[in-house]
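The values are calculated or read from the model by the stated rules, or taken from the named source; none is laboratory data. These figures come from a predicted structure and were not determined experimentally. Methodologically, a virtual Cβ is constructed for each residue, glycine included, from the backbone with ideal geometry; neighbour enumeration extends over all protein chains shown. Side chains included, ligands, DNA and RNA excluded: accessible areas come from the protein's heavy atoms. Shrake-Rupley method; radii C 1.70, N 1.55, O 1.52, S 1.80 Å.
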Amino acid sequence: MSYQSIRQIRDDLAAKKISSLEITRSYLERIKALEPKLNAFISLTEEQALQQAQAADQLIADGNAGLLTGVPIAHKDIFCTKGVRTSCASHMLDSFVSPYDATLVQNMAQAGVVMLGKTNMDEFAMGSSNETSWYGPVKNPWDTDRVPGGSSGGSAAAVAARMVPGATATDTGGSIRQPASLCGVTGLKPTYGRVSRYGMIAFASSLDQAGPIAPSAEDCALLLEAMAGFDPLDSTSVDRPVPAYSQQLEQPLEGKKLGLPKEYFAGGVSAELEPVIEAALKEFEQAGAELVEISLPNADLAIPTYYVVAPAECSTNLSRFDGVRYGHRCDNPRDLEDMYSRSRGEGFGDEVKRRILVGTFVLSSGFYDAYYRQAQKIRRLIKQDFVSAFEQVDFVVSPSALSTAFRFGEKTADPVEMYREDLYTIPANLAGLPALSLPCGQINNLPVGLQLVGNYFCESQLLSAAHQYQQRTDWHLKLPQVNGESL
Ligand code: GLN
């Protein structure tokens with residue numbers, strides 16, 4: 001049995017063609033078969049999943065099914081899950097079992113999902129290749145010598161390999177969209193404040209946002225509908241009704257304006273990506289959309305700005321992992337100082353330490369004005385660029401990532417090279433805007449993603465535009481082939 005979409009699973013469950021228990025078992029089997037090759041999971045929650053599936057079947061039998069009753073999914077291991085290890089892919093939290101559920105986890109449980117497990121990721125969501133995970137890197141299902149992207153590489157790879165029909169993820173600078181792009185699946189980072197951050201382990205609080213990864217925009221719409229909503233436990237959560245995204249996918253592309261930032265397109269996007277992106281844009285045009293040149297004058301400042309703001313916030317957020325309040329504690333500390341420094345020294349990996357050091361530096365007295373305050377000002381300018389752009393167009397378009405999936409080790413020697421991966425994705429986080437990546441072609445059997453950025457709270461328009469494109473194309477239906485065979 002093989003399912004291509006959450007929509008289809010829902011329909012078959014509702015028609016009682018299959019039970020949640022059968023579906024859950026078959027996905028668990030697939031996970032076990034592929035996990036040795038891909039390492040997409042940190043924890044499997046098999047027993048719990050089978051119980052949830054049974055309960056879901058009962059609800060369906062009683063006519064009480066909700067939006068996603070009986071549909072199996074996986075959560076990124078950054079979301080607190082009650083009674084289940086929540087590691088954030090760090091040695092620091094290797095033995096942390098959360099005493100409560102994140103709001104997103106609760107909302108999705110309410111909608112009826114069955115959780116199969118927790119997906120692998122970059123440590124504390126810092127990275128673009130999944131190589132910083134304490135549990136080892138996730139492999140890209142399209143070519144296991146290559147990275148799946150990061151930090152939500154486990155969620156993206158698991159969906160691409162159909163180990164799960166959908167997964168949750170988070171995006172601080174691109175961590176939903178870049179792995180979705182590299183793995184050939186669809187991913188949406190919602191507007192900042194659309195989905196509660198309560199119980200989602202914080203990296204950079206003013207940028208972090210949770211969202212779905214699934215094969216199609218239609219499936220992302222179903223997942224977002226289940227996870228979004230106001231939460232009094234998150235002071236940045238926005239009190240706005242959640243639209244029925246999955247029922248608003250038929251907004252015509254006719255007359256929609258797609259803005260192409262000249263800062264990205266004037267010299268042509270990379271020679272490698274050019275033909276694929278061109279073809280995707282042509283498809284949108286044929287569907288009636290109009291391409292308009294726009295300008296994001298401060299686009300080139302996005303990466304340096306992000307790499308001041310994000311480390312600053314991470315250095316503050318990660319101070320709670322001290323071996324006392326949370327996290328790994330070293331053996332036989334000599335005194336308090338020794339305990340802090342050895343616990344943190346042993347618990348965190350190199351990339352996390354680098355960010356904490358940079359963050360502490362840019363916030364320290366004497367440097368705060370030169371770096372942090374300056375970065376906040378530029379952040380405002382970047383946001384303003386988008387506000388002006390949305391006076392002219394409906395969406396801002398670009399590739400999602402710099403290239404197709406790269407090889408392990410290719411970018412680890414030079415952190416700045418790795419940081420450049422998020423060139424196209426970071427601006428939406430700095431501005432707090434919703435943005436989506438959809439598969440739009442392939443180069444040498446490796447997927448390419450197209451990014452659409454929308455105006456604030458225009459998730460419905462984004463999902464619909466992507467859905468319309470996916471009605472006309474089949475890139476989102478392609479499955480990874482290894483040596484000419486399906487995984
Ligand atoms: N790759 C970026 C970073 O390393 C973004 C990560 C993310 O979105 N969580 O910070």
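Where both partners of a DSSP beta bridge lie in the chain, what percent of those bridges are antiparallel, to the nearest 5?
Values: 33 of 47 bridges.
If I count the DSSP bridges inside the chain, around 70 percent turn out antiparallel.
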May I have the extent of the alpha carbons of region 358-487 along their three principal axes, as whole Å values ordered from largest to smallest? 58, 41, 17
Let me have the relative contact order for region 304-353, percent, based on Cα pairs under 8 Å that are six or more residues apart. 27
For the peptides 370-377, 16-23, what is the packing order when you average, over each peptide's residues, the other Cβ atoms within 10 Å and list the highest mean first? 16-23, 370-377
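Give the accessible surface of region 249-383 per residue, rounded to a whole number of Å², with probe radius 1.4 Å and ligands, DNA and RNA excluded.
On the way: 7130 Å² over 135 residues.
Normalised by residue count, the accessible surface of region 249-383 is 53 Å².
So, for region 1-113, what is the accessible surface per residue at a probe of 1.4 Å, expressed in square angstrom? Could you put the intermediate results ahead of the total?
Numbers: 4860 Å² over 113 residues.
Accessible area per residue, region 1-113: 43 Å².
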Give me P(r) over region 233-355, computed from all C-alpha to C-alpha distances, binned every 10 Å, as integer percentages. 10, 20, 19, 22, 16, 10, 2
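Please give the calculated 222 nm ellipticity per residue for the chain, where each DSSP H segment of at least 4 residues contributes -39500 (n - 2.57) and the sum is spread over every residue; nearest 500 deg cm²/dmol? Numbers along the way, then the final one.
On the way: 16 runs with 182 residues, N = 487.
That comes out to -11500 deg cm²/dmol.
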For region 219-296, one quarter of the surface area of the C-alpha convex hull, expressed in nm², comes to 7.8
When we measure straight from the Cα of LYS262, which lysines land under 26 angstrom away, once same-chain ones fewer than 8 places off are left out? LYS189, LYS282, LYS377, LYS383
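Determine, for each peptide in 386-393, 132-139, the mean count of other beta carbons within 10 angstrom over its residues, then list the peptides with the highest first. Working shown, then result.
Values: 386-393: 16.2, 132-139: 22.8.
Result, highest mean Cβ count within 10 Å first: 132-139, 386-393.
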Over the residues of the chain, compute the C-alpha Rg and express it relative to 2.2 N^0.38 Å. 0.92
Would you mind pulling out the separation of the Cα centroids of region 51-78 and region 436-487, in Å? 27
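Take every Cα pair under 8 Å in region 85-228 that's 6+ residues apart, average their separations, divide by the length, and report that relative contact order as a whole percent.
On the way: 328 pairs, mean separation 31.6, N = 144.
This gives 22 percent for region 85-228.
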Listed by chain and number, the aspartates and glutamates with an alpha carbon less than 13 angstrom from that of LYS32, same-chain partners under 8 positions apart left out, are GLU46
Roughly to the nearest percent, how much of the accessible area of the chain is carbon and sulfur, given a 1.4 Å probe? 49
Contact order normalised by length for region 308-409, with contacts defined as Cα pairs under 8 Å and 6 or more residues apart; what percent is it? 30
Accessible surface, per residue, of region 170-237 when the full set of protein chains is kept, probe 1.4 Å, Å²: 15
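Sorted by packing (mean other beta-carbon atoms within 10 Å per residue), highest first, where do 328-334, 74-80, 311-317 land? Walk me through the numbers before you get to the answer.
Numbers: 328-334: 13.0, 74-80: 29.3, 311-317: 21.4.
Listed from highest to lowest mean packing, they are 74-80, 311-317, 328-334.
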